[in-house]
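These notes are about the structure you will find just below.
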Amino acid sequence: MTPVHHKLAGLDMLASAVILLDAEGRISYANAAAENLLESSLKALSRQKLTALFSNPDELAGVCVQALEHKFADMRQDLTLARPGREALHVHSIISALDDADGTILIELRENVQQRKLDREERILDQSQVNKELIRNLAHEIKNPLGGIRGAAQLLELELPALHLGALREYTQVIIKEADRLQTLVDRLLAPHRRPHIVGDVNIHEVCERVRSLILAEFPSGLTILRDYDASIPEFRGDKEQLIQTVLNIAHNAAQALSERILAGDAELVFKTRVARQVTLAKVRHNLALDLHIIDNGPGISPQIRDRIFYPLVSGREGGSGLGLTLAQTFVQQHMGVIECESRPGYTDFRIVLPLP
């Protein structure tokens with residue numbers, strides 16, 4: 001280890017990425033956090049030009065040149081560094097030239113978590129809009145021929161000869177019942193777009209209590225529902241019935257996932273409310289927001305579907321329609337909010353964030 005690197009060995013303890021460049025812009029040192037951020041070892045990075053790692057290096061290179069010319073003590077700015085074949089890095093950078101004759105530049109990079117969160121929310125919103133448009137078009141395309149199929153089966157049943165009516169009627173009834181089942185599915189797909197948005201004053205704890213009573217009525221033993229409420233949360237304008245349906249869909253899914261723990265008698269659901277401050281939702285900054293968590297101690301969501309749980313017709317349960325979470329996401333987005341999920345074995349947390357006045 002060179003003397004400079006020996007002095008900087010303690011930087012491996014830092015959470016932020018620290019990189020040293022020589023006067024030519026080549027990497028001479030990177031701490032452990034920098035190796036993690038750049039997804040490469042110091043040995044592989046050493047003597048590479050930092051700007052060569054990115055497809056949009058001009059802004060970073062320009063600041064490094066200014067640092068060498070001592071035009072500032074340190075420069076602090078947010079950068080988006082695009083990487084070929086990898087996710088772009090959103091970082092807050094601090095760049096300065098060290099007081100030595102070698103022209104060494106010190107760069108500190110910290111991941112911009114807020115920017116990553118905004119990008120994720122934007123992707124989710126875009127995907128949701130595409131899903132909703134696809135669902136509406138598909139449902140309407142299915143609806144018309146479905147009515148014709150059912151009607152034709154009824155007419156066929158009327159024309160069946162009396163001699164064979166009993167045996168053949170079984171087949172026409174299968175057609176009619178399956179058409180009715182598909183009609184019910186189509187109606188559920190279209191439900192969020194048909195019902196008017198009825199806005200009034202909403203107390204989120206009344207919503208939670210309503211859902212709590214419905215869940216306990218269906219699962220009267222083996223399941224405990226805990227309340228962890230912040231009584232200071234103000235009422236807000238919203239569609240109470242939509243929010244009840246949203247919380248109910250999530251809580252009901254959780255209760256069904258808790259079936260084994262319910263049998264064991266240690267199933268647990270938690271309704272937790274908090275106030276979040278200075279929250280950005282759909283690119284709009286809000287001073288206050290409702291932070292509602294629905295937490296269960298079930299087996300967790302399968303990794304195979306974790307990234308797709310809000311997609312229509314995706315279900316982790318045998319016989320599930322895969323529409324409950326899709327409807328919940330639609331209703332939350334109609335309230336200008338977001339819904340997120342964190343899940344691992346023994347802990348699943350659905351988080352709903354809605355703007356408050």
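Details
- Comparison of ILE215, ILE244 shows that the only residue that is touching a strand residue (DSSP E or B) at 6+ places or on another chain (Cβ under 9 Å), assigned to a helix (DSSP H, G or I) and hydrophobic (A, V, I, L, M, F, W, C) is ILE215.
- Residue that is modelled with the highest pLDDT, among those in region 275-299 that are surrounded by fewer than 16 Cβ atoms within 10 Å (Cβ to Cβ), of a type in the set (D, E, K, R) and assigned to a strand (DSSP E or B): ARG277
- Checking LEU243 against (1) closer than 14 Å to LEU354 by Cβ; (2) without any contact (Cβ under 8 Å) to a residue 60 or more places away in the chain, the condition it does not meet: (2)
- Filter result (touching a Leu at 6+ places or on another chain (Cβ under 8 Å) and under 28 Å from ASP266 (Cβ atoms)) within region 220-240: GLY222, LEU223, THR224, ILE225, LEU226
- Matching option when the condition is of a type in the set (A, V, I, L, M), more than 21 Å from the chain's Cα centre (by Cα) and within 21 Å of ASP201 (Cα to Cα), among ILE244, ILE233: ILE233
- Pairing residues of region 213-240 that are modelled with pLDDT of 90 or more with residues that are surrounded by fewer than 13 Cβ atoms within 10 Å (Cβ to Cβ) and of a type in the set (D, E, K, R), at Cβ distances under 7 Å and at least 6 apart in sequence or on separate chains, gives GLU235/ASP201; ARG237/ASP201.
The values are calculated or read from the model by the stated rules, or taken from the named source; none is laboratory data. Since this is a predicted model, take the numbers as computed values, not measurements. Cβ: placed from backbone, ideal geometry, glycine included. Neighbour counts: every protein chain shown.
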